[in-house]
């Protein structure tokens with residue numbers, strides 16, 4: 001395949017070291033097919049020596065065990081929730097929404113990086129997406145799964161939550177389409193379906209690779225079925241390219257629309273602090289911000305434990321950090337503007353919003369706002385400096401800070417605005433209960449479990465796209481050699 | 001000996017303590033499983049009474065302990081500034097008689113200008129004569145377009161002779177001059193509408209289920225409050241049945257809808273419990289069944305005999321709120337229909353209205369100008385709570401007008 005000279009030259013830093021096509025199969029495929037890959041490097045369990053435990057844990061087992069434990073906590077929380085009711089949480093009057101919606105929005109936000117990387121960067125022909133898109137897209141799907149638990153189960157009567165969907169029924173009732181919650185149903189379910197389809201279509205050539213490399217008969221059969229008869233013929237590839245482009249085109253508007261619609265849950269309300277026009281772009285930027293933070297949080301240990309440093313290089317981390325910084329600045333601007341408009345409008349309700357958020361001495365939840373400014377506004381500013389973007393430790397800390405900060409952003413928006421709104425007599429308070437936290441950490445457990453099962457069972461990097469990168473780099477080398485030889 | 005908790009109350013006379021006698025219950029039901037006073041039953045002050053002297057006891061000593069007692073308050077100690085008369089933000093409007101009689105923008109009856117016409121309280125539209133015979137504006141009014149008090153124009157719906165009985169437009173006024181803050185409206189509503197008692201722990205979490213509550217505010221002056229004797233103001237707040245209800249467009253399953261008679265209806269069997277309506281209500285009058293508060297009635301079936309059979313009992317996960325005693329409205333409507341007549345003024349009496357000892361609540365069909373509620377709404381004292389939210393509520397409040405002795409003021 002001749003190197004298309006009209007395209008931009010391949011950035012050599014995207015794939016370091018010398019590799020062949022077979023290397024890609026091996027490096028990524030073996031993570032799935034070879035169980036021993038998950039055993040190194042061994043991590044000493046803290047306190048193991050004291051307890052007399054003789055072995056060191058593999059990172060996969062350690063984190064999977066943690067995730068699975070938390071998943072069990074989630075199951076217990078859900079059972080108690082369904083048995084007893086929403087009252088086990090801290091929600092009350094006036095705070096009808098608490099951790100349930102905070103966590104819903106947090107999880108949906110985290111999912112946005114995957115779609116942006118898979119779809120928008122594909123349409124923009126950015127080659128650096130090749131090694132991270134599979135993992136990021138998986139993150140999206142699992143994050144949306146975790147998020148989806150909340151709208152279904154935060155309702156008082158979850159057994160009839162399906163009434164939010166427009167299905168033909170004998171009640172002769174449609175859902176009430178003017179409600180943002182119905183829009184959420186459409187947005188989130190579309191997001192889920194398109195993400196799964198896109199992810200799966202992308203996986204087909206890789207399933208074929210695994211099918212061809214597998215030694216175990218059952219493995220061959222399962223990946224064979226999943227690869228749906230992929231032969232790698234020219235026609236297959238052509239259809240694959242077309243399908244990817246179409247799905248990317250469908251997914252691109254979703255990056256903007258899904259979180260916009262989630263922001264309408266608030267922006268369409270009349271609660272001061274919710275009825276803010278900047279919400280749609282600010283939420284979308286925040287979602288990309290949170291999503292990239294989660295991708296970095298995963299990518300850094302992943303590349304170290306599985307020897308993927310040449311595939312997910314410092315250049316990738318650099319680019320991701322830059323996107324995080326850019327969206328972080330938009331989000332910071334959003335915080336400042338909200339507070340500025342509240343003051344500038346001189347509307348008494350809005351001015352009181354200003355007081356509730358910023359006044360550390362008068363307002364009970366203002367600590368959350370200042371923590372938010374610290375985690376989301378100030379700490380990410382270290383990414384302006386290249387040295388910090390190159391330091392794995394700094395990147396890890398910053399991305400964790402952003403994840404926490406994005407959670408606080410929704411905390412600031414939801415309980416602070418609800419506890420102090422129109423009528424002074426209705427002012428309230430919000431204290432989350434054990435079950436609020438249990439369900440939240442439980443969803444984190446679900447996410448970790450799914451991610452680590454994904455790590456074990458599916459190729460964590462898009463093998464085909466990496467081979468494409470290898471090929472294009474070879475061609476570039478040939479062209480350079482030719483150009484060199486010509487002189 | 002009685003060991004009891006002390007709650008300081010602003011405005012109480014110095015060197016006095018008020019101790020309440022109750023009905024002598026030492027243990028409660030489902031929500032009061034543990035013996036009183038731990039779970040909200042109170043303190044047994046009867047221990048101070050003796051048969052020798054049941055009316056008075058002397059020689060009582062008071063000793064302060066270092067114990068801590070957790071109280072369940074339904075409201076913070078909110079203060080509002082009611083001195084600023086031209087503030088249309090104030091939730092409790094108040095005036096003294098002199099200022100009221102002098103008049104001014106705040107004391108106009110709520111007839112608004114819709115473009116160049118003046119819309120009267122009963123909805124009739126009067127074109128306003130300005131200078132040069134052209135349509136203009138009254139003196140002192142600006143050109144701004146102001147929304148009418150109600151969206152229901154009787155001229156459009158039809159005359160009373162033609163109207164069917166479904167076209168009553170229910171409205172309510174609450175007279176803040178008459179409200180003493182006794183709270184009987186809350187209890188009457190609870191009894192009439194099968195509102196569950198949730199117990200002290202749930203009240204502490206902010207989940208009391210009262211559909212009508214009496215808000216209590218302390219009145220300050222220029223940002224300062226006199227803790228020794230602040231004026232206290234009461235305001236009963238229930239669902240005000242907004243014509244432009246913010247709760248209606250946000251319900252995803254259309255469980256809260258509007259009737260042709262002006263009631264904001266809560267449809268219990270459609271509610272899935274997303275609680276968006278409660279978040280969007282600026283008056284915060286919606287109540288959610290966070291737990292199965294009527295478990296006790298399920299356990300002991302005979303307890304359903306204390307409930308009102310005309311009102312459904314809500315299950316877990318369902319939102320509820322004031323219905324303008326729709327069961328009473330329906331009962332009267334059926335009677336009137338059987339007798340082939342209109343519903344008379346004062347025939348429908350809501351539970352809160354019936355119980356109020358000072359008759360501060362007036363309820364009825366607002367379209368007939370001779371009805372009490374229409375006259376009440378036409379009063380110069382009438383104002384809308386949270387007017388700036390533009391919800392056009394059917395329940396409006398009559399401003400409090402004081403007439404203090406000038407020598408007291410000095």
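The values are calculated or read from the model by the stated rules, or taken from the named source; none is laboratory data. Here the structure is a predicted model, which is why all the values come from computation and not from measurement. Backbone-built Cβ (ideal geometry, glycine too); neighbour counts: all protein chains shown.
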Which residues, counting only those in region A:225-245, are in contact (Cβ under 8 Å) with a residue 40 or more places away in the chain and surrounded by 15 or more Cβ atoms within 10 Å (Cβ to Cβ)?
A:243, A:244
Quick test of your reading of the structure: residue A:90 fulfils all but one of (1) facing chain B (nearest Cβ under 10 Å); (2) outside any loop (DSSP other than H, G, I, E, B); (3) at pLDDT below 95. Name the failing condition by number.
(2)
Checking the structure you have, find out if any residue of region B:373-385 is touching a residue at least 40 places away in the same chain (Cβ under 8 Å), within 14 Å of chain A (Cβ to nearest Cβ) and either more than 28 Å from residue B:281 (Cα to Cα) or crowded, with 16+ Cβ neighbours inside 10 Å (or both).
yes
Has region B:213-228 got any residue that is surrounded by fewer than 21 Cβ atoms within 10 Å (Cβ to Cβ) and more than 19 Å from residue B:92 (Cα to Cα)?
yes
Pick from region A:133-164, criterion part of a loop (DSSP other than H, G, I, E, B) and touching a helix residue (DSSP H, G or I) at 6+ places or on another chain (Cβ under 6 Å), ranking: farthest from the other protein chains (Cβ to nearest Cβ):
A:154
Go through region A:137-154 and count every residue that is surrounded by 22 or more Cβ atoms within 10 Å (Cβ to Cβ) and free of Cβ contacts under 8 Å to residues at least 24 places away in the same chain.
0
When region A:411-426 is checked residue by residue, the ones that are within 7 Å of chain B (Cβ to nearest Cβ) and in a helix (DSSP H, G or I) are A:418, A:424, A:425, A:426
Selection within region B:184-204 - within 14 Å of chain A (Cβ to nearest Cβ) and either in contact with a strand residue (DSSP E or B) (Cβ under 9 Å, 6 or more places away or on another chain) or without any contact (Cβ under 8 Å) to a residue 12 or more places away in the chain (or both):
B:186, B:195
Over region A:61-87, the set of residues in a helix (DSSP H, G or I) and within 14 Å of chain B (Cβ to nearest Cβ) is A:80, A:81, A:82, A:83, A:84, A:86, A:87
Can you tell me which residues in region B:229-248 are within 14 Å of residue B:391 (Cα to Cα) and either at pLDDT below 90 or under 13 Å from the mean Cα position of the chain (by Cα) (or both)?
B:239, B:240, B:241
Here are the criteria: (1) within 14 Å of chain B (Cβ to nearest Cβ); (2) at pLDDT 95 or above. Tell me which single one residue A:429 does not satisfy.
(2)
Does residue A:410 satisfy being closer than 30 Å to residue B:91 by Cα and within 18 Å of the chain's Cα centre (by Cα)?
yes
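Return yes when residue A:222 is assigned to a helix (DSSP H, G or I), away from every other protein chain (no Cβ under 14 Å) and without any contact (Cβ under 8 Å) to a residue 12 or more places away in the chain and no when it is not.
So residue A:222 fits the description; yes.
Quick check, is residue A:108 within 14 Å of chain B (Cβ to nearest Cβ), within 18 Å of residue A:259 (Cβ to Cβ) and within 18 Å of the chain's Cα centre (by Cα)?
In short, no.
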Please go through region A:28-60 and pick out each residue that is modelled with pLDDT under 80, outside any helix (DSSP H, G or I) and out of contact with any strand residue (DSSP E or B) (no Cβ under 9 Å at 6 or more places or on another chain).
A:39, A:40, A:41, A:46, A:47, A:52, A:53, A:54, A:55
Surrounded by 24 or more Cβ atoms within 10 Å (Cβ to Cβ), touching a helix residue (DSSP H, G or I) at 6+ places or on another chain (Cβ under 8 Å), within 11 Å of another protein chain (Cβ to nearest Cβ) and modelled with pLDDT of 95 or more, is that true of residue B:252?
yes
Which numbered condition trips up residue A:85, out of (1) surrounded by fewer than 23 Cβ atoms within 10 Å (Cβ to Cβ); (2) farther than 24 Å from residue B:250 by Cβ?
(2)
